[in-house]
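Asker: Provided herewith is a single structure, encoded as structure tokens, for subsequent inquiry.
The values are calculated or read from the model by the stated rules, or taken from the named source; none is laboratory data. Every value quoted in this text rests on a predicted model; they were computed, and no experiment measured them. Please note: Cβ atoms are built from the backbone with ideal geometry, for glycine as well, and neighbour counts cover all protein chains shown.
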Amino acid sequence: MNRLKSIKKIRENLGNGGYSIGTWIQIPHPSIAEIMGQSGYDWVAIDMEHGAISANQLPDLFRALELGNTLPLVRLAQGHPKDCKR
């Protein structure tokens, strides 16, 4: 999956008055992420603020979502610069 292509496609759709379809995940299990990634969403937001997801689990969740060409997004628990740069 090419993340930059996915971002560009979503931006173009929104810029042309279109839409993108996504959902949120709060369960840190790659099997759940894989199912969501293959469900036709443009993006899935991984919720580290309200979910039980740690930074160590992100790589597995990203890989599972990308199997279905779904763009992973992350909402961080806190907006500390060191967390944003990871």
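Asker: Among the numbered criteria (1) out of contact with any helix residue (DSSP H, G or I) (no Cβ under 6 Å at 6 or more places or on another chain); (2) modelled with pLDDT of 95 or more, which one does Met48 miss?
Answerer: Checking Met48 against (1) out of contact with any helix residue (DSSP H, G or I) (no Cβ under 6 Å at 6 or more places or on another chain); (2) modelled with pLDDT of 95 or more, the one that fails is (2).
Asker: Now for a separate question. Determine whether Gly17 is over 21 Å from Asn2 (Cα atoms) and either surrounded by fewer than 12 Cβ atoms within 10 Å (Cβ to Cβ) or in contact (Cβ under 8 Å) with a residue 24 or more places away in the chain (or both).
Answerer: yes
Asker: Within the stretch 1-43, which residues are outside any loop (DSSP other than H, G, I, E, B) and in contact with a Gly (Cβ under 6 Å, 6 or more places away or on another chain)?
Answerer: Residues of the stretch 1-43 outside any loop (DSSP other than H, G, I, E, B): 3-15, 22-25, 30-37, 43.
Gly37, Trp43, listed by residue number.
Asker: Could you please find all residues in the stretch 1-35 being of a type in the set (A, V, I, L, M, F, W, C) and touching a helix residue (DSSP H, G or I) at 6+ places or on another chain (Cβ under 7 Å)?
Answerer: Start the filter on the stretch 1-35 by keeping residues that are of a type in the set (A, V, I, L, M, F, W, C), which leaves 1, 4, 7, 10, 14, 21, 24-25, 27, 32-33, 35.
Those that are of a type in the set (A, V, I, L, M, F, W, C) and touching a helix residue (DSSP H, G or I) at 6+ places or on another chain (Cβ under 7 Å): Met1, Ile25, Ala33.
Asker: Any residue at all in the stretch 51-66 that is part of a loop (DSSP other than H, G, I, E, B), over 13 Å from the mean Cα position of the chain (by Cα) and exposed (fewer than 15 other Cβ atoms within 10 Å of the Cβ)?
Answerer: yes
Asker: A further question on this structure: Do you know which residues across the stretch 11-58 are of a type in the set (Val, Ile, Thr) and under 24 Å from Gly79 (Cα atoms)?
Answerer: Listed by number, the residues that qualify are Thr23, Ile25, Ile27, Val44, Ile46, Ile53.
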